[in-house]
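What follows is a short report on a single structure.
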Amino acid sequence: MTAHPFTLAGARLAALPSGALHWADAGLLVVSDLHLGKSERLARRGGTLLPPYDTAETLSRLEADIAATDPRAVICLGDSFDDNAAARDLPPGAEERLLRLMAGRRWVWIAGNHDPGPASLPGTHLAELREGPLTFRHIARPGETGEISGHYHPKARLSLGGRRVSRPCFLVDTARVILPAFGAYTGGLAMDAPVLDALMAQGAVAILTGVRAVALPMRPAHARLPRPRPGSAG
Amino acid sequence: MRHGLRYIPRMRMPDAFETWFAARGWTVHPHQRAMLARADAPALLLIAPTGGGKTLAGFLPSLAEIATDPAPGLHTLYISPLKALTADIRRNLRTPIEEMALPIRVEDRTGDTTQTQRRRQRADPPHILLTTPESLALMLSYEDAPRIFAGLRRVIVDEIHALAESKRGDQLMLGLARLSTLCPGLRRVGLSATVEDPPALARFLARHPDPCEILTADPGPAPDIAMLDTGAAPPWAGGGGRHAIPAVLNQIARHRTTLIFHNTRAQAELFFRDLWLANGSGLPIAIHHGSLSREARERVEAAMAAGALRAVVCTGSLDLGIDWGDVDLVIQVGAPKNVKRLVQRIGRANHRYNAPSKALLVPANRFEVVECVAALGAVREADLDGEPRGPGPGDVLCQHILATAAAGPFEADALFSEITTAGPYAGLTRARFDACLDFAATGGYALRAYDRWQRLKQAPDGRWHLRDPRTARQIRMNLGTIVEEEKLKVRMRPARGGMALGEIEEAFAATLTPGDTFLIGGQVVRYEGLREMVVEVSRTPGREPKIAVFAGTKFATSTRLSERILEMFRQPDWPDLPAHTAEWLALQRTVSRLPERDRLLVETFPHEGREHLCIYGFAGRNAQQTLGLLVTQRMESAGLAPLGFVSTDYATLIWGLDAVTAPAELLDATGLRAAFETWLAGNAVMKRTFRSSAVIAGLIERNTPGRRKTGRQASFSSDILYETLMKYDPGHLMLEITREEAMKGLVDFGRIEAMLARVRGRIDHVRRPRVTPLAAPLFLEAGRIPVQGAAEQRLIDAAADRLMAEAGLV
């Protein structure tokens, strides 16, 4: 397995290279920010006509992860649909593929800012969910612990020997995990953005998606040591 | 059809004009009279050197016609590639118009024109309107275009040789096709500097199939051009020509005004900084390039026009522009790359007719000495080079169809016939037009799921129109064919809204960490951080800049010039070359060998923990780049873990984790050709070309600063779209266009084919324990291209372990 294992609030979790989070002991698979129907929504609003294959691509990735982990439950952490209309009006075949994935397992749709209302699809529609020591919600709340969220689409940018690498990533510290966006047409927020910097504690780790899930310090050692950040104790 | 200047004038110079010329002590040039004589021709191309009254020659027939019949309404449209030029022309036209008391109103219309003035111009157009290709496209995209342009008689396209080299020219010719429909009988005039193939430029300009006469003015005396004697030898490697600073300062002191051209902005910055440090006598010297803020550039232009500057260090940003009569010396620092452009740059000196232009070449390193000597020979023999122009690009056509729809409903048949009257699109097939129309209307996807959200719809009468009229605004905002790298503004800290210094590429900004220093606008600044998409910097006097890279335009050395260089290598010794360069070539001949025209030299050597492979193909930067892509792809399949490569006009340097022992297998022509057929997927050059074409065609919206501030998740990498199309819709029009565009500009596979055909398997592999003399300069080249293969994952894994350990997180 090329996943990266770690522990949060006593739960043994694994960051999958695809950007999904696997909690094997609970039979749970978590994905965030699928943004299904994004190209359709942009076209409907009179924007550009992007290649209408994003939903198919995102579902293929999800099918692969579900086939590999065979979870008892799947939690979609919000912004699963690019808007409520996109959820009602998925491209041909997409709804059937989703229903096939949902068959025989528990499925939870957490509300996101793009898809606040309950969709017509089956499954449980919740604002947030508590499961054992963990809380699942769309947007992280400062001060919470054992929290799994999405929303920010964190992305790591590295310079390796003059080469720039940019990858969607998980952000993990002792209190929370922020998942990368799972959807095909999703941009990212650099992990050194102030909002993410404020949410994540010292010693936070970024787990890069890609061929393998690879963990790096969220803040490079050289940037942290000489300049203590305001607000940090000591 | 080529004409001399011997024919009977049909339109004579009005007496008032003759008197005015005489009063100023001017003689009318023969080509100016010829333009008047041919004023009725549907299309005319004038080829004249700078300073020959070329622009006035273009305007004389208009002035004469309007003076005779000053009816209100637009008579002449003047189009220039530069905004600055339109303002300058307006000032220049004011003199004859005021002094002869002609009832003629001249105005300009560019991106800088205020909304109020634009509204007024639309209500009451001037006789002569001066504009740019982009502003013309915008004006034509409004519903009232037929009313505004009604009555237009003449179009003057200035610096058409420059416009014809880019997509701006294709866009302009589509605009002229539209104008010719709106104004039957419209006459076209093109004004050009010396070019290698005037008939091709004439076909580009004329309404197909109209004839286009070519008038050639007296080219004037041969330029006075030589290599600058710097006393010291140029460095072994690198660019910038800083070794020549004392000699350049000496030349500046001995001339009124000197233009110092560089090939890249980074080199211009470094040179300017060192020139300034060495400028003990405080000569007024400035810098001008495309990354500086507009205010900074305008200050320099104004100072130059006022005669307050003795020298300007510049890049291609001053290739065109206002004629500064006082420029009496042009210095070209770095390899000239292309003889035609060199001749045009030299023409910037001494804009007085019949005075020889004076120019000095400064090779920045020893290889460039060879190229400069080869170029001097070519200039002396008027051996101009140029690559033939391909058919009009599909992405510009897609944009034009959308812009046409923004102006109002259209019929497909009529639009198709109109477009095929544009020179670059004369050979357009109906199938390609229909594909572009389908792309504009529905996106043109194989999956027809979203037809109900199409952008264009066909009405029952068969005409095409926008589904949502509000889309017109978005289409207008996306007009234009110049797609720049994402750039970030650079501002001085600490003051909020501190002084704007210029812009740097986002990719470069992303590599900076606080404390890094770089050069911009001639000063060393310290990177402090990124705030709201603005790079904040502070002053750090006297520190050596750690990094100074930002990309500028890169030209490929022409085939002709490369051949001249290889011919020189055959000589047993080099009496034409300075001793230092001759010795260097001799050293290369001893240590390894010199490249030959009908053989291919390949060197391998280790350096700083990486294995290197250097291929001296002399095929020009773009073809060498493609060679790099193909060879690294083959190395990846062979498990040789290539990391990246960099290309110059004469060689490609590849580095990787493992040594190449049998380069001939990698360079086997059949294998390369096969690789070429499959290489399209997943390489950086194709993705870059895709982004640019997708923006022009309207698939991706331009990233305006306002959008970028707010829409962090709204924008995602165009690479994702490219990969999605490759996977789900490989036959899509945008991929076809991307391939065509890459073949033209960035791929240039034709030159690889020609090189392989010449070499016919005669490959010389030289293995050396260290860098060879000829390979050394390649290590300092910018524009390294990463290979996204197994090596990248190997690097990430290694870095992860190290970084985690450093951070104490393991």
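The values are calculated or read from the model by the stated rules, or taken from the named source; none is laboratory data. All of these numbers come straight from a predicted model, not from anything done at the bench. When we count neighbours, we look across all protein chains shown, and the Cβ atoms used for this are built from the backbone with ideal geometry, even at glycine. To get the accessible areas, we keep the full protein, side chains included, count just its heavy atoms, and leave off ligands, DNA and RNA. Shrake-Rupley method; radii C 1.70, N 1.55, O 1.52, S 1.80 Å.
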Calculate how steeply helix A:54-69 sits against the longest principal axis of the alpha-carbon atoms of chain A, using the helix alpha-carbon long axis, and give the answer as 0 to 90 degrees to the nearest 10.
-> 70 degrees
Any chance you could list P(r) for region B:224-380, counting all Cα-Cα pairs in 5 angstrom bins from zero, rounded to whole %?
-> 2, 10, 20, 24, 23, 14, 6, 1, 0
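Would you mind calculating the relative contact order of region B:192-320 from Cα pairs under 8 angstrom and at least 6 residues apart, reporting the percent as a whole number? Write down the numbers at each step before the final one.
Numbers: 125 pairs, mean separation 30.0, N = 129.
Taking the mean separation of contacting Cα pairs over the length of region B:192-320, I get 23 percent.
Out of the DSSP beta bridges found with both residues in chain B, what percent are antiparallel (nearest 5)? All intermediate terms of the calculation are to be shown ahead of the outcome.
On the way: 39 of 96 bridges.
Once the DSSP bridges in chain B are tallied, antiparallel ones form about 40 percent.
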Put a dot 7 Å past each Cα toward the Cβ at residue B:118 and residue B:736; how far apart are the dots in nm?
-> 3.4 nm
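Net charge around residue B:619, counting only other residues with Cβ within less than 9 Å of its Cβ (Lys, Arg = +1; Asp, Glu = -1)?
Numbers: positive: B:621, B:751; negative: B:649, B:748.
Summing Lys and Arg as +1 and Asp and Glu as -1 gives 0.
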Note the full-extension length gain between residue B:717 and residue B:298 as 0.36 nm times their separation in residues minus their Cα-Cα distance, in nm to one decimal.
-> 147.5 nm
Among A:173, A:70, A:25, determine the one that fluctuates most according to a GNM of chain A built with springs between C-alpha atoms less than 10 Å apart.
-> A:25
Using a 1.4 angstrom probe and counting only protein chains, how large is the accessible area of residue B:139 in Å², to 10?
-> 20 Å²
Ordering of A:97-103, B:393-399, B:200-206 by packing [mean C-beta count within 10 Å, highest first] = B:393-399, B:200-206, A:97-103
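At 1.567 mPa s and 4 °C, plugging the Kirkwood radius over alpha-carbon pairs of region B:328-463 into Stokes-Einstein gives what diffusion coefficient in µm²/s?
Numbers: Rh = 19.3 Å.
Approximately 67 µm²/s, per Stokes-Einstein.
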Candidate residues B:161, B:243, B:208: accessible-area rank, largest first, probe 1.4 Å | B:208, B:243, B:161
Using a 1.4 Å probe and counting only protein heavy atoms, arrange B:83, B:340, A:155 so the residue with the most accessible area comes first.
-> B:83, A:155, B:340
How big is the accessible area of residue B:341 in square angstrom, nearest 10, if you roll a 1.4 angstrom probe over the protein chains?
-> 30 Å²
Cβ under 13 Å from residue B:724's Cβ, residue B:724 left aside: what net charge do those residues give with Lys, Arg +1 and Asp, Glu -1?
-> -1
Can you list, largest first and rounded to whole Å, the semi-axes you get for chain B by taking the square root of 5 times each eigenvalue of its Cα gyration tensor?
-> 43, 35, 27
Per-bin percent of Cα-Cα distances, region B:2-216 [10 Å] = 8, 37, 39, 15, 1
Using only atoms on other chains, find how many Cβ atoms lie within 10 Å of each Cβ of peptide A:51-59 and report the average.
-> 6
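Kindly compute the accessible surface that chains B and A hide from a 1.4 Å probe when together, both sides summed, and give it to the nearest 100 Å².
Looking at B and A, the buried total is near 4300 Å².
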Here, residue B:448 and residue B:463, labelled 7 Å along Cα→Cβ, have an inter-label distance in nm of 2.6 nm
CD proxy at 222 nm, helix term only [per DSSP H run n ≥ 4: -39500 (n - 2.57); per residue of chain B; nearest 500] = -12000 deg cm²/dmol
For chain A, calculate the relative contact order in percent as a whole number, restricting contacts to Cα pairs under 8 Å that are 6 or more residues apart.
-> 20 percent
Would you mind telling me the share, in percent, of accessible area of the protein assembly as shown contributed by carbon and sulfur at probe 1.4 angstrom?
-> 53 percent
Label points 7 Å out from Cα along the Cβ direction at residue A:12 and residue B:147: separation in nm?
-> 7.7 nm
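Between beta-carbons, use under 14 Å as the cut-off and find the net charge around residue B:241, counting Lys and Arg +1, Asp and Glu -1. Before the final figure, lay out the partial values.
Details: positive: B:242, B:273, B:366; negative: B:229, B:269, B:274, B:368, B:371.
Result for the neighbourhood of residue B:241: -2.
Using the heavy atoms of the protein chains alone and a 1.4 angstrom probe, what is the accessible area of region B:2-216 per residue in square angstrom? List each step's numbers first, then the result.
Numbers: 8440 Å² over 215 residues.
Here the per-residue accessible area is 39 Å².
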Roughly how many Å² of residue A:192 are accessible to a 1.4 Å probe, to the nearest 10?
-> 120 Å²
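Going by a ≥ b ≥ c, the root eigenvalues of the Cα gyration tensor, does chain A fall in the rounded group (a/c under 1.5), the prolate group (a/b larger than b/c) or the oblate group? Intermediate values should be presented prior to the final figure.
Details: a/c = 1.74, a/b = 1.44, b/c = 1.21.
Verdict is prolate for chain A.
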Relative contact order %, chain B, counting alpha carbon pairs below 8 Å whose residues are six or more apart | 11 percent
Per residue of A:206-215, other chain Cβ atoms within 10 Å number on average 3
Diagonalise the Cα gyration tensor of the protein assembly as shown and give the resulting equivalent ellipsoid semi-axes, square root of 5 times each eigenvalue, largest first, whole Å.
-> 51, 38, 28
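Among the DSSP beta bridges whose two residues both lie in region A:4-224, what percent are antiparallel, rounded to the nearest 5?
Bridges in region A:4-224 are about 60 percent antiparallel.
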Too long at a 24 Å Cα-Cα cut-off: which of A:38/B:727; B:687/B:727; B:337/B:687; A:38/B:489?
-> B:337/B:687; A:38/B:489
